[in-house]
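**Student:** I have a structure I would like to understand better, so I am pasting it below and will then ask my questions one at a time.
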Amino acid sequence: MATHETNSTFLKIPYGFHSAQIEPILEEFQNIAAGVTFTEPHTPIVFCLTGSVIEGQKSISPAYLARQAREAVQFTKALSSCDAASFIGENSLVVEIGPDLVCLGIARRTLNIPTSAKLVASLKPSQGSWCTISAVLRAAYETGINIKWPEFHKDFQNSVRLFDLPTYAFDYKTFWTPYEEPETNQLTPIHSDIGKSQPPTYPGFIPSASVQRIESEKIESREITVIYASDISEPALLHAIEGHSVVGQKICPMVVFCDMAMSATKYAYCRLHGRNETPDMSIYNMDMTRALVLSKMGSRPIVSIRSIYEQDRGTASVTFYSHKAGGIVITYGACTVQLIKPNSQKDKNHQIDFFLRSRMMTLQELSKEKKAHTFLKPVVYRLFSNVVSYKECYQGLEEVVVDTGCSDGVGIVKLKATDNEGRFFLNPFWNDSAIHLCGFLLNSGLKYSEEDVFICPGFDSWHFLDSLSSEKDYTTYVYMQEVTCRDNSMVGNCYVFDGDRLVQELIGINFQKMGRGVPEMSLKGSATQFTTSDSEHYEPKPQSQQFKFSMKSANVSIPDQQTSRSSSSDGIETPETSNSDVIDMLLAIVARESGIPVDEMLDETAYIDIGVNSLIAVTIFTTLERETGFKLEASFFVEHTTIGEVKCALFERL
């Protein structure tokens, strides 16, 4: 080569590709490659064997790979094809994947590469691999490529450390003029209303999409009570609600209430402790008693959030409610937020990680063997829409594998960056997507009839071990089982993993099964739908009643106005049935649904004491209307809470 004045490099390798030394392995190599599925490439490929650009067709095959290994290549022609296709421009990054700087040298001498383009090698004999690959990443970053740094570092998290970068060489100085109360001469009459009353200020409070303002605040020693208010017409909050529909009705997702609870607790903790950040938080005993439904007509309600944070317990009792005209309080639900010591929850979860990962691997193997159901994103949300419809911003489940009994499943979650993610403390779009598999197992129609609807009223606990990111892919595992002591109830757990690391744990999420017509009636007739006159009478009022925290129950009572009587009989149809027949039929249905015999129901018996909640009540009213033609509104048991009160009310109406 030197006698012909041709530059050459001696490669220090034990054998030569594209030579007869490769022939003994070609047949076995081709057979192994036959077990790989080759799909259409998303990025154009320049084939060195032919020197041409192949784009948009299935061109790679086992036979081609065998030829590529044995036959001579046309590298110069391939470079010319790159030049003709304008693949290398001013801001291009060219990376050589090989043992030395061989191909890059040929490329420099063959092509007219702009000086602004970056040519880097992934391996160098004289340099450590970490140093070389870091230089490649630096060049990629400087070129403008979006690098997923968490993915790059995830296998070495115990070896990396955070560097303290030098700050700007500026002197800190406050240029904001502090407000000072003006001195007034009490003997001088004031003829101006300006400055007469200043709204209270709350240091450290930063409004969010779901917690927009503070109505009142009371600090007593080691306890702080705060009442917040949020208008659901706020664009980011309204967007989160409108993206979630149940049987055709747009209702506020439970995860939005979780965001409200954690946002409220964060401020209360920081206010009482004088800090800027909080420890990890977990939510316990979420109990939603009523849905917040968007009405198609009328203005939007103001949601009040009452938070009582106790420093000694490190817990906050949170309640969600609204005021209607006439002073009626509509309670949506309640929960408890627990502040967790760093790493306490993470250490406990090591005990269950092995069993969860083992089951997840089993499901994935069953999928490959065609012994489990596999669904991709379009099918997942099409099946889901039988009950729950999600807009694109909520659709994070990319793939689902479900066992043949539909009792458990594993899913791949890919989160999308959203415009409103910074307006929430707990991103509702991401965190709802992370637990979608719970509802999919029940409402997809795979195991249960499409006439059955499963509604989630709450959960036992939800632990957030790390924040979610749109730059990562997550794996979620869910199992659901029937509750033997409660008819038509399902309960289960959901675990969210970032690789092998558990980042979320949802324990005891429960669903109640009912006929398809029941939630439609409940939501359409819900008292949570507000008209214009309702919102005009909104008056936030601090409540004096004390809230009590219990790890077994997060039910928090709101003032007695909720049980205010209504003399209206709108929507009540009078059938040709005697008073006693309707009452007897109603009590018989109550007995059938609650399991309590009629002869054991006394006039002072409260419906809530025999297990009749708002969802079961709707089932009772639906059955009564079907069997007698007599219709009761969904709030009837809220207004009349005992057997005796119901009898009196029915005698007045019949």
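Only the coordinates and a few stated rules stand behind these numbers; no lab work does. Quick caveat: nothing in here was measured; it's all calculated off a predicted structure. Because the Cβ atoms are built from the backbone with ideal geometry, glycine has one as well, and the counts that use them run over all protein chains shown.
**Student:** Please work out the Cα center distance from segment 477-512 to segment 271-314, rounded to the nearest Å.
**Tutor:** 23
**Student:** Out of every Cα pair in segment 213-339, what percent are spaced more than 17 Å from each other?
**Tutor:** Roughly 58 percent, once rounded to a whole number.
**Student:** Give the long-range amide H neighbours of TYR202: residues separated by 5 or more places, or on another chain, with amide H under 5 Å away, using H modelled in the peptide plane at 1.01 Å from N.
**Tutor:** Under 5 Å from the amide H of TYR202 lies no amide H from a residue far enough along the sequence or on another chain.
**Student:** On a full-extension model of 0.36 nm per residue, what is the gain between ILE206 and GLU450, subtracting their alpha-carbon distance, rounded to one decimal in nm?
**Tutor:** Full extension of this stretch gives 83.4 nm more.
**Student:** Here's another thing I want to ask about it. ILE106 to LYS377: FRET efficiency via 1/(1 + (r/R0)^6), r the Cβ-Cβ distance, R0 51 Å, to the nearest 0.05?
**Tutor:** Efficiency at R0 = 51 Å is approximately 0.75.
**Student:** Same structure again: Say a paramagnetic label sat at a point 7 Å from the Cα of ALA72, along Cα to Cβ; which residues of segment 1-33 have their backbone N under 12 Å from it?
**Tutor:** Residues 19 qualify, since their backbone N sits under 12 Å from the label point.
**Student:** Next question, about the same structure. For segment 18-80, compute Rh as the Kirkwood radius over C-alpha pairs and then the Stokes-Einstein diffusion coefficient at 10 °C and 1.306 mPa s; write the answer in µm²/s, rounded to an integer.
**Tutor:** In µm²/s, the coefficient is 126.
**Student:** Continuing with the same structure: Quick one: dipole size for segment 434-483, taken about the Cα centre, charges +1 on Lys/Arg Cβ and -1 on Asp/Glu Cβ, in debye to the nearest 20.
**Tutor:** It works out to roughly 80 debye.
**Student:** Follow-up question, since we're still on this one. Segment 20-150: Rg/Rh from Cα coordinates, Kirkwood Rh?
**Tutor:** Taking Rg over the Kirkwood Rh, I get 0.99.
**Student:** Also: When only Cα pairs under 8 Å and 6 or more residues apart are kept, what is the percent relative contact order across segment 579-653?
**Tutor:** 37 percent.
**Student:** I need to check one value: relative contact order of segment 349-515, counting alpha carbon pairs closer than 8 Å and at least 6 residues apart, in percent.
**Tutor:** Answer for segment 349-515 is 21 percent.
**Student:** Another question, if that's okay. Under a plain spin-label model, where a point goes 7 Å from the Cα along Cα-to-Cβ, how far apart in nm are ARG222 and GLN311?
**Tutor:** Each label point is offset 7 Å from its Cα along the Cβ direction, giving 0.8 nm.
**Student:** In the structure displayed, which of LYS124/LYS377; LYS250/LYS631; LYS414/LYS513; LYS148/LYS513; LYS370/LYS472 lie more than 31 Å apart, Cα to Cα?
**Tutor:** LYS124/LYS377; LYS148/LYS513
**Student:** Report the residues of segment 613-639 in range of a label on ASP584: point 7 Å along Cα→C-beta, backbone N strictly under 17 Å from it.
**Tutor:** Once the point is set 7 Å along Cα→Cβ of ASP584, 624, 627-630 turn out to lie under 17 Å by backbone N, inside segment 613-639.
**Student:** Another question, if that's okay. What FRET efficiency would be calculated for the residue pair GLN481, LYS414, taking the C-beta separation as r and a Förster radius of 30 Å, to the nearest 0.05?
**Tutor:** 0.60
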